[in-house]
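Working notes, structure below.
Every number here is computed from the coordinates shown, using simple stated rules; none is lab data. Given the structure is predicted, the values throughout are model-derived calculations rather than measurements. Every residue, glycine as well, gets a Cβ built from its backbone with ideal geometry; the counts of neighbours run over all protein chains shown.
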Amino acid sequence: MPTRSDSDRYGSSKRHNLLGVPVHRAVFLSSATLILALVAFGVAMPERLEAGAEAVQDAISHNLGWFYLLAMNAFLILALYLIFSRYGSVRLGGEDERPEFSNWGWFSMLFAAGTGVGLLFYGVAEPVSFFADPPFGEAETEQAASDALVHSYFHWGLHGWSMYGLVGLALCYFCYNRGLPLTIRSAFMPLLGKKRVEGPIGNGIDAMAATGTLIGVAVSLGLGVRQINTGLEHAYGIPDNIGVQIALIAGITTVALISVLSGLAKGIQQLSKLALLIGAALVLYVLLFGPTQFIFNSMLQSFDNYINEIPSRGTFTEAFNPPDAESWQSEWTLFYFAWWISWSPFVGLFIARVSRGRTLRQYLLGVLLVPTLTSVLWLTVMGGSALYRELFEAAGLVDIVEDEPELAFFLFLDHFQMPEWIVTTSMTLMIVTVAIFFITSSDSGSLIIDIITSGGDPHPPRTTRMFWAIMEGVVAVILLTAGGLEALQAVATISGLPFVVILLLMCTGLYLGLRRNENGKDGQASS
C-alpha cells in the first residue's frame, strides 16, 4: 500500500515550500500560470475571450464531434467488459484492504461530486428545452416529451459515468495496487515508462488536469451561485445582482473551508449525505403532490427507450443536415460530453480517493448504476412533472427556460397548488441543496487540485487545501465580475479535446497494467 514516501516518487527534489505550502514546483507553477493568465485575459478583454473561446468551441464541435462520440462509446464498452471479465475480482488496495466508507456514504459522495450542481441546474430546464426544441420530430408534442426524457437520461447516464469510473479505476489501481502516486500521470507508466512519466510529459499531464479542475469547479460555482441568487430573489425578494452573488460566494467558501478543516469523512461525506436527504425530500414532495401516475409511467417507458436506444443515440451525428445548419447535437450532446471530459480529472481522482477496498466489479457497478439511476429518478420526477404541466396545463415554462434556465425549477415549484409556506419551504430546501453541492464541489475540488500539485500525496496538508478552496472562490468572483463565465464554460469544453486523448491513453494503460499483472499477487486477478 502507498505511504507518504510513495507520493514523493515523482521527483521529490522538485517539491518545495512556497509560503509554507508544499508543492511540486513544475506542476504548481504551470497550473497557476495558466489559470492566472486566463483570468487576467478575461478581466482585461472579456468580450474577446468569450468570442474566441466560442469560435474554437464551435470549430471543435462541428469538425470533431464524431471523435467525442466514438471515445465516449469506447469508455462505456470498456467499462462493461471489465465488469464481466476475469479482472472483476481485483480488489483495489490489495486482498486484505476493506472499504474506508460505508456504501451509503460512498454512494452519496459519488453523486454529490459528479453531478450535484449541474443536475439541480438542468433538472427541469433541460427536459423542457428538449421538449420545445427536439433534434428530430415535431416540437411540443407527446412524442417530443417522451424523447426529451430519453435525451436527458443519455446526457446524465451511463456514458459519462463509465468515463468517470475508468479514470478513477486507473488512478485507484496504479496508486493502491501498484504503489504509484495518486496523480493522472501514474496511469501512463505502462505506456510511457518511468523516465517520461517523471519528466516534462508527466508534468504537463498533471498541470493540465489541475488547471482544468480549477476552471471546471469555478465555472460550476458560478452557475450554482446564480441559481441560489435567483431562488432567493424569487422566494424572499433578495436582489439578483453581482454584489449579492459575491457575498454568497464568500459565505459559502467560508463554509467550505470549515468542511476542509473538519476532514474528508466528517466534511464531504456528511454534507453529501445531507444533500441527498434534502434531495430525497424534494423528490418525495413532488411525487406526492405532483402527477404521480404520470411520473412512474413515463419513467418506465422512457428508461426502457433509453436502454434500447443507447447505440443509436451514441452514434447520432446529424451527418445529413446541411453544413451551415444550426447543430442541436453540437449545442447539447457534444457540449455535455466535452464538459464531462473536462471534469474527469476532478471526479475520477476524487472517486479513486474514496473507493479503496472494493473489488473492480463492485466499484464499476456502483459508479455506473447508482449515479445513473439517481439521475434518472431526479430527471423524471422533476423534469417529467414539468413536461406534464406543459402538455396538459400550459404552464408556460418553455418561454422561461429559454431566457432564464436557472429560474425554471423555482417557477416549477410555484405551480403546485399548495399553501404559500409549503412552496416557500420547498424553494428554501432547493436553495440549501444547491449550496451544499456548492460546498462539496469546492471542498472535493480543492482536495484533488492539492493532490495533483503536491506530487500525488494522497493526504495533502489541510492548509494547502484551504488555499485552493479560496482560489476557487476568488476565480469564480473574478469571472462573474468580468462577465467571462460563459467564455470559461467554452474554455472548459475546449479543454476536453486534448484530455479525451489523454483519457483514451489512460484506459489503454489500465488494460495493459491489469493484463501484465493478472498472474501476480496483492489484489491481482486470478486466472
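Compute the angle between helix 360-378 and the longest alpha-carbon principal axis of the chain, please, reported from 0 to 90 degrees and rounded to the nearest 10. Once rounded, one gets 20 degrees.
Summing Cβ point charges (Lys, Arg +1; Asp, Glu -1) relative to the Cα centre of region 343-412 gives a dipole of roughly 980 debye. With contacts taken as Cα pairs under 8 Å and at least 6 residues apart, the chain reaches a relative contact order of 37 percent. Per q in 0.14 1/Å, what log10 I(q)/I(0) does a Debye calculation on the alpha-carbon atoms of region 359-499 return? Here the Debye-derived log intensity ratios amount to -1.04.
With q set to 0.15, 0.24, 0.25 Å⁻¹, the log10 of I(q)/I(0) for region 319-387, from the Debye formula over equal scatterers at the Cα positions, is -0.77, -1.10, -1.12. Ratio of Rg to Rh for region 59-194: 1.06 [Cα atoms; Kirkwood radius as inverse mean 1/r over pairs]. Neighbour counts of other Cβ atoms within 10 Å put S355, S327 in the fewest-to-most order S327, S355. For the chain, the longest principal axis of the Cα atoms and the long axis of helix 462-482 meet at an angle of about 40 degrees.
Taking amide hydrogens as placed 1.01 Å from N in the peptide plane, the amide H of T359 sits under 5 Å from those of L92, each at least 5 positions away in sequence or on another chain. For R48 and A319, the difference between the fully extended length at 0.36 nm per residue and the C-alpha to C-alpha distance is 94.5 nm.
Note on region 363-411: the alpha carbon radius of gyration divided by the globular reference 2.2 N^0.38 Å gives 1.47.
Using only the Cα atoms of region 118-169, build the gyration tensor, take square roots of its eigenvalues as a ≥ b ≥ c, and label the shape rounded, prolate or oblate: rounded if a/c is under 1.5, else prolate if a/b is larger than b/c, else oblate. Cα axes put region 118-169 in the prolate bin.
Each 10 Å bin from zero holds the following percent of Cα-Cα pairs in region 390-464: 16, 28, 22, 16, 14, 4. Residues of region 420-440 falling in the label zone of V255, defined by backbone nitrogen less than 17 Å from a point 7 Å along Cα to beta-carbon, are 425-440. What is the Cα centroid distance between region 274-320 and region 135-189, reported in whole angstrom? For region 274-320 versus region 135-189, the Cα centre distance is 17 Å. Placing +1 on the Cβ of every Lys and Arg and -1 on the Cβ of every Asp and Glu, with nothing else charged, gives the chain a dipole about its Cα centre of roughly 3360 debye. Hydrodynamic radius of the chain by the Kirkwood approach over all distinct alpha-carbon pairs: 23.3 Å. Computed from the alpha carbon atoms alone, the convex hull of region 300-426 holds 196 Å³ per residue. Here the sum of -39500 (n - 2.57) over DSSP H runs of 4 or more residues, divided by the residues of the chain, equals -24000 deg cm²/dmol at 222 nm, to the nearest 500. Here the relative contact order of region 389-501, from alpha carbon pairs under 8 Å that lie six or more residues apart, stands at 12 percent. Relative to the globular-protein estimate of 2.2 N^0.38 Å, the Cα radius of gyration of region 57-116 stands at 1.65.
With the charge dipole of region 348-422 set up from +1 on Lys and Arg Cβ and -1 on Asp and Glu Cβ about the Cα centre, the Cα lying farthest toward the positive end among the listed residues F410, L387, T372 is that of T372.
With N as its number of residues, region 144-275 has a Cα radius of gyration that, divided by 2.2 N^0.38 Å, comes to 1.42. One quarter of the surface of the convex hull around the alpha-carbon atoms of region 423-482 equals 5.3 nm², the direction-averaged projected area. Listing W339, W156 from fewest to most neighbouring C-beta atoms within 10 Å gives W339, W156. By other beta-carbon atoms within 10 Å, ranking T333, T453, T425 with the fewest at the front produces T425, T333, T453.
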